[in-house]
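Notes follow the structure.
The values are calculated or read from the model by the stated rules, or taken from the named source; none is laboratory data. Remember, predicted model here, so these are calculated numbers, not experimental data. FYI the Cβ positions are ideal-geometry reconstructions off the backbone, even for glycines, and counts take in every protein chain you see.
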Amino acid sequence: MAYKSTPEFCKKLNYTINNEESYSHWIKTMKANLLDHTHAGLHVEMNNPVAVAKEAQIDVDIRTHVLTERAAQIAAGSASASATSVPGSNPKASDFNALDVVMNHIYAKHPPNVKYMSKWPVYIDPTDPCRYIPLTAHNTQLWAREIVR
């Protein structure tokens, strides 16, 4: 708006409306000034949900690639000397799934707790050490899937 009564909305100040409160203030100011012929407009900027989804997928792909490469390096480094003499025995990055790598990290970080059950690893609730979440394959897959995302 180019009116002296509303200096906060002049174009050069680039007033930004990014929530309901600022929009309501803008509308109320126009109504309060009883401006029948305003030269005001809104420029709407939105994030393209398709672009956001593509960026998220690219991020997942990059993390998956990094995890699989790291897993292949670890596996190749831990292979015995006799196994390396056999052609094709060195694992490739494509042999690993990022989800499996993350699950292995979870299992390594949370060994079985004999107080709960000696066969299953558990996650101890940091707020209450008497509460455990058994890290069954299903629970660990859910957790790993959230980490990979």
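Filter region 92-104 down to the residues that are part of a loop (DSSP other than H, G, I, E, B) and surrounded by fewer than 16 Cβ atoms within 10 Å (Cβ to Cβ), then identify the one that is modelled with the lowest pLDDT. Show your work before the answer.
Kept after step one, since they are part of a loop (DSSP other than H, G, I, E, B), are these residues of region 92-104: 92, 96-97.
Those left that are additionally surrounded by fewer than 16 Cβ atoms within 10 Å (Cβ to Cβ): 92, 97.
Details: 92: 58, 97: 69.
So, considering only residues that are part of a loop (DSSP other than H, G, I, E, B) and surrounded by fewer than 16 Cβ atoms within 10 Å (Cβ to Cβ), the one modelled with the lowest pLDDT is 92.
Looking only at residues in region 56-91 that are in contact with a helix residue (DSSP H, G or I) (Cβ under 6 Å, 6 or more places away or on another chain) and at pLDDT below 70, which one is surrounded by the most Cβ atoms within 10 Å (Cβ to Cβ)? Break it down into steps so the answer makes sense when it comes.
First, the residues of region 56-91 that are in contact with a helix residue (DSSP H, G or I) (Cβ under 6 Å, 6 or more places away or on another chain): 64, 67-69, 71-72, 89-91.
From what is left, the residues that are at pLDDT below 70 are 89-91.
Working: 89: 12, 90: 13, 91: 16.
Selected residue: 91.
If you check every pair at least six apart or on different chains, which have Cβ atoms under 7 Å apart with a residue in region 31-50 that is loosely packed, with under 10 Cβ neighbours inside 10 Å first and a residue that is assigned to a loop (DSSP other than H, G, I, E, B) and at pLDDT 70 or above second?
42/17
For region 105-144: of the residues being among the basic types (Lys, Arg) and either closer than 26 Å to residue 71 by Cα or part of a helix (DSSP H, G or I) (or both), which is modelled with the highest pLDDT? I'd like the intermediate steps shown before the answer.
Going through region 105-144, the residues among the basic types (Lys, Arg) turn out to be 109, 115, 119, 131.
Filter once more, keeping what is either closer than 26 Å to residue 71 by Cα or part of a helix (DSSP H, G or I) (or both): 109, 119.
On the way: 109: 82, 119: 73.
This residue is 109.
Starting from region 64-76, take each residue that is of a type in the set (Phe, Trp, Tyr) and list its partners that are in a helix (DSSP H, G or I) and buried (at least 18 other Cβ atoms within 10 Å of the Cβ), counting only C-beta distances under 6 angstrom and pairs at least six apart or across chains.
none
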